[in-house]
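Peer 1: Here it is, the structure in full.
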Amino acid sequence: MKILAIGGSNSKNSINRKLANFTAHLVENAEVTKVDVSELNIPIYSVDLENEIGVPVEVFTFSYLIDDTDLIIISLAENNGSFNTGFKNLLDWTSRIKDRKIFNDKNMLLMSTSPGARGGASVIQHGINVFPHAGAHILASYSLPNFYKNFNEEKGITNNEELEKLKQIISNLTH
């Protein structure tokens, strides 16, 4: 199974990228490709800029990664109840590629985490409302609350109840 792990944040130390990457590696025998939004060098979208330069090559590369995957695991950062600006900019550019939906009818595990108790619940709901219109088949969603209490850089999710919940989701999606 080919998995595309996306941390929906342009932070170099994104906790959502850490969660997406950890989760992707829970899938046995998966071929994992990772997208780091903080490393993308694409300008802020505008119609004027698109008319001037066209769609940037990095955006086409991102779209090809989507096309070549079986499952998208995306963990969204929540900024004021919505998507992170860097990630939203990537979506805006990708939507401008002719004859495609952003997620090209791919299956998705939609996730989020935050330092707080709600774990990015608002951005998950926003994704549930928006992503199907962009061609995502959301098979499940998961939110990890209190990231810094429940996640360790070396071990991953340290809260056994949360880890088992996520493993069950993964099992349901891959079997």
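The values are calculated or read from the model by the stated rules, or taken from the named source; none is laboratory data. If you're wondering where the values come from, they're calculated on a predicted model, not measured in any experiment. Cβ coordinates were reconstructed from backbone atoms using ideal geometry, including for glycine residues, and neighbour counts include every protein chain displayed.
Peer 1: How about the range 27-46: which of its residues are assigned to a helix (DSSP H, G or I) and exposed (fewer than 11 other Cβ atoms within 10 Å of the Cβ)? First the steps, then the outcome.
Peer 2: Of all residues in the range 27-46, those assigned to a helix (DSSP H, G or I) come to 37-39.
Glu39 - this is the single residue of the range 27-46 that is assigned to a helix (DSSP H, G or I) and exposed (fewer than 11 other Cβ atoms within 10 Å of the Cβ).
Peer 1: With respect to Asn84, is the statement that it is closer than 25 Å to Pro145 by Cβ and either modelled with pLDDT under 95 or of a type in the set (Asp, Glu) (or both) true?
Peer 2: Details: closer than 25 Å to Pro145 by Cβ: yes; either modelled with pLDDT under 95 or of a type in the set (Asp, Glu) (or both): no.
So Asn84 fails the test.
Peer 1: Using beta carbons and a limit of 6 Å, which pairs, at least six apart or on different chains, have the first residue in the range 26-51 and within 18 Å of Asp68 (Cα to Cα) and the second one of a type outside the set (Val, Ile, Thr) and assigned to a strand (DSSP E or B)?
Peer 2: Glu31/Lys2; Val32/Ala5; Thr33/Leu4; Lys34/Ala5
Peer 1: How about the range 47-81: which of its residues are part of a helix (DSSP H, G or I) and acidic (Asp, Glu)? If you could, list the steps in order and put the result at the bottom.
Peer 2: We begin by selecting, within the range 47-81, every residue part of a helix (DSSP H, G or I); these are 47-53, 57-67.
Correct list: Asp48, Glu50, Glu52, Glu58, Asp67.
Per-residue answers, yes or no, for (1) closer than 22 Å to Asn104 by Cβ; (2) surrounded by fewer than 16 Cβ atoms within 10 Å (Cβ to Cβ):
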| position | (1), (2) |
| --- | --- |
| Ala136 | yes, no |
| Leu139 | yes, yes |
| Leu144 | no, no |
| Lys149 | no, yes |
| Glu164 | no, yes |
| Lys167 | no, yes |
